[in-house]
1. I'm checking my understanding of the structure. Among residues of region 123-136 that are surrounded by 16 or more Cβ atoms within 10 Å (Cβ to Cβ) and of a type outside the set (F, W, Y), which one is farthest from Y111 (Cα to Cα)?
2. For region 1-32, which positions are buried (at least 17 other Cβ atoms within 10 Å of the Cβ) and outside any helix (DSSP H, G or I)?
3. What are the residues in region 176-185 that are touching a strand residue (DSSP E or B) at 6+ places or on another chain (Cβ under 8 Å) and either open to solvent by 60 Å² or more (accessible area, probe 1.4 Å) or at pLDDT 95 or above (or both), if any?
4. Restricting to region 138-175, name every residue that is assigned to a helix (DSSP H, G or I) and open to solvent by 20 Å² or more (accessible area, probe 1.4 Å).
5. Give just the number: which of (1) surrounded by fewer than 23 Cβ atoms within 10 Å (Cβ to Cβ); (2) at pLDDT 95 or above; (3) closer than 22 Å to S160 by Cα does V62 not satisfy?
6. Examine region 33-42 for a residue that is within 24 Å of L105 (Cα to Cα), touching a Ser or Thr at 6+ places or on another chain (Cβ under 9 Å) and not in a strand (DSSP E or B), and state whether such a residue exists.
7. Working carefully through the options T79, T99, T139, T49, find the one that is more than 19 Å from G14 (Cα to Cα), among the β-branched types (V, I, T) and in contact (Cβ under 8 Å) with a residue 12 or more places away in the chain.
8. Here is a check on your reading of the model: is L33 touching a residue at least 24 places away in the same chain (Cβ under 8 Å) and either touching a strand residue (DSSP E or B) at 6+ places or on another chain (Cβ under 7 Å) or within 30 Å of P124 (Cβ to Cβ) (or both)?
Amino acid sequence: ELGVLAEAGVTLVGENRAQSLAEKVQAAQDAGLDGFTWDFIGHLQSRKTRLVLPLVSLIHSVGSLSVVGEIEKRAAQVTDVLLEVNIGGEASKSGVALTEVDRFLEAAAAYPKVRFTGLMCMPPLFDDAEDARPFFSRTRELAERLSTTWSGTYTFEQLSMGTSADYEVAVREGATIIRVGSVLF
């Protein structure tokens, strides 16, 4: 799989499980595939932060203060992260509720090694990708508001939204990072 990605010119790889990330990074090194940059895109538990942090350039899924605290404790330098927003208000999904985003960022501001550079969202799954558009739009609008509110502390220029099922709509709504997998294979 990694060899195929390298041959296709893919350089940024996301992984959603901490143990799989560590295994794939090691496999890439063992195969001499050193052209990859790794991002963590899955739900991050605070106890897995230690494993993930040294392997990735960006964590897309920061949605709890316990993870923020672990990054602060373990990071050697300022670490860029994305705030995971539960844009659909779904109980089955992680992320900060829209009504709690400002309070969350106020609390997170006490941790100077954690720098929010954008948002990540996972809208509800729809049969028609077009139905996800309002959720992507709402995420972009939130990022625009937060960029103004938190100017000088955080930027919210990166929008990680869209998967193999709906990335074209996400890009039209401002996604700067898409998380595709199944469309590649």
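1. A129
2. V13, G14, E15
3. Listed by number, the residues that qualify are T176, I177, I178.
4. Of everything in region 138-175, those that are assigned to a helix (DSSP H, G or I) and open to solvent by 20 Å² or more (accessible area, probe 1.4 Å) turn out to be R138, R140, E141, E144, R145, S147, T148, T149, Y167, E168, V171, R172.
5. All conditions pass for V62, except number (1).
6. yes
7. Matching residue, one of T79, T99, T139, T49: T139.
8. When the stated conditions are applied, L33 does not pass them.
The values are calculated or read from the model by the stated rules, or taken from the named source; none is laboratory data. None of the values given here were measured: they were computed from a predicted structure. FYI the Cβ positions are ideal-geometry reconstructions off the backbone, even for glycines, and counts take in every protein chain you see. Heads up: the accessible areas ignore ligands, DNA and RNA and are worked out on the full protein's heavy atoms, side chains in. Shrake-Rupley method; radii C 1.70, N 1.55, O 1.52, S 1.80 Å.
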